[in-house]
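Single-structure report; data block below.
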Amino acid sequence: MTVTIYHNPSCSKSRDTLAMIRQGGEEPVIIEYLKHPPDRSRLRALADAMGLPIRGLLRENGSPYEELDLGNPKWTDDQLLDFILAHPILLQRPIVETPKGVRICRPPERVLDLLTSPAAGEGGENTQR
């Protein structure tokens, strides 16, 4: 199974999600979106796959959201995409894509039902005896 994570290594939620993916036995394709932002069509595809409006891709905290007045309903989807492309930190993260779906994994546990073999919880339910 191919797992892709749009990852920010400075974000604890993103790091935790990546760890959960790896604990489930997958080595994901890691896209550090601050260095390699997805293009406009990919952003649209991700939003569509999640059933979100473009505005749903925006991260408010720790980004220039307020300074750019992005809460203002005057902005069109194309304009919002322009802002994300100009300021990739605006992209909500982490976004994980698998054959089972696409999701913003905040909290990180949201990744578990996207995985084929999620890691066992504490107590070792999946250990052999």
### Summary
Counting only residues in the stretch 111-123 that are under 13 Å from Gln23 (Cα atoms) and open to solvent by 20 Å² or more (accessible area, probe 1.4 Å), the one modelled with the lowest pLDDT is identified as Glu122
### Task
Kindly check whether there is at least one residue in the stretch 72-91 that is closer than 22 Å to Val111 by Cβ, assigned to a loop (DSSP other than H, G, I, E, B), in contact (Cβ under 8 Å) with a residue 60 or more places away in the chain and touching a Pro at 6+ places or on another chain (Cβ under 8 Å).
no
### Summary
If you go through Ala49, Ala45, Ala19, the only one that is in contact with a strand residue (DSSP E or B) (Cβ under 6 Å, 6 or more places away or on another chain), assigned to a helix (DSSP H, G or I) and modelled with pLDDT of 95 or more is Ala49
### Message
Please determine whether any residue of the stretch 92-110 is surrounded by fewer than 13 Cβ atoms within 10 Å (Cβ to Cβ) and more than 25 Å from Val29 (Cα to Cα).
### Response
no
## Note on the structure
Taking the stretch 61-92 and keeping residues under 26 Å from Ile5 (Cα atoms) and basic (Lys, Arg) leaves none
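The values are calculated or read from the model by the stated rules, or taken from the named source; none is laboratory data. Predicted model, so just to flag it, every value in this text is computed and none were measured. Every residue, glycine as well, gets a Cβ built from its backbone with ideal geometry; the counts of neighbours run over all protein chains shown. Ligands, DNA and RNA are excluded from the accessible area calculation, which covers all protein heavy atoms including side chains. Shrake-Rupley method; radii C 1.70, N 1.55, O 1.52, S 1.80 Å.
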